[in-house]
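Each value in this text was obtained by applying a stated rule to the coordinates, not by laboratory testing. Since this is a predicted model, take the numbers as computed values, not measurements.
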Amino acid sequence: MTKSIYFLCSGNACRSQIAEGYAKQYLPDWNVQSAGVRVDGLNPWAVKTMAEDGIDISQQYSKLIDQDFLDQATVVITLCGEARDKCIIPQSTRWLHWPINDPALATGSDEEIATAFRSSRNDIKQRIIQLAQYVKNQSK
């Protein structure tokens, strides 16, 4: 049975899209998806920031939460308080909450916005790498 991971966020525009991109790289045998409480569209800064790290998420798109996938997911990770508070995670599901700063709220110059996106991206990447290492160690 294929294991699945679901990244949930407010608008499925930035953080959950970044997490999906990294999880597809670091958990290649898993069914990886992301979704939001609402659909805000894929943020171009997220695409640009991931491309800087060699990952193309430009073909991903913003989706609403699929209750069937949520109910069957092996692991659900909420990346913001809104998703944590509004989603009903099945008790049989392994649930993690990663409170990642929302880079879409960044203001200022392009460089300041890029810095906010890179910071959130790097935070998510480190957590995905740690999760992938944990999964690998559990399967030994």
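Around the amide H of residue 31, modelled in the peptide plane, lie the amide H atoms of 3, 4, 5, all under 5 Å away and 5 or more residues distant in sequence or on another chain. Over segment 50-121, Cα pairs under 8 Å with separation of 6+ residues give a relative contact order of 24 percent.
Dividing the mean sequence gap of close Cα pairs (under 8 Å, 6+ apart) by how many residues the chain holds gives a relative contact order of 28 percent. With θ taken as phi - 60° and the Karplus curve 6.51 cos²θ - 1.76 cosθ + 1.60 applied, the whole-hertz 3J(HN,Hα) list for segment 67-78 is 4, 5, 5, 4, 5, 9, 4, 6, 9, 10, 10, 8 Hz, x standing for glycine and proline. Taken one residue at a time, the phi angles of segment 15-22 give Karplus couplings (6.51, -1.76, 1.60, θ = phi - 60°) of 4, 5, 5, 4, 4, 4, x, 5 Hz. Gly and Pro are set to x. Here the Karplus relation 6.51 cos²θ - 1.76 cosθ + 1.60, evaluated at θ = phi - 60°, turns the backbone of segment 126-140 into coupling constants of 4, 5, 5, 4, 5, 5, 4, 5, 4, 4, 4, 5, 5, 8, 7 Hz, with x for every Gly and Pro. Listed values [x] 0.99; [y] 1.10; [z] 0.93 include one computed from this model; for Cα Rg over 2.2 N^0.38 Å that value carries the label [x].
Would you work out the relative contact order for segment 4-84, in percent, from Cα pairs under 8 angstrom that are 6 or more residues apart?
Details: 159 pairs, mean separation 35.8, N = 81.
Averaging sequence separation for qualifying contacts and normalising by length gives 44 percent for segment 4-84.
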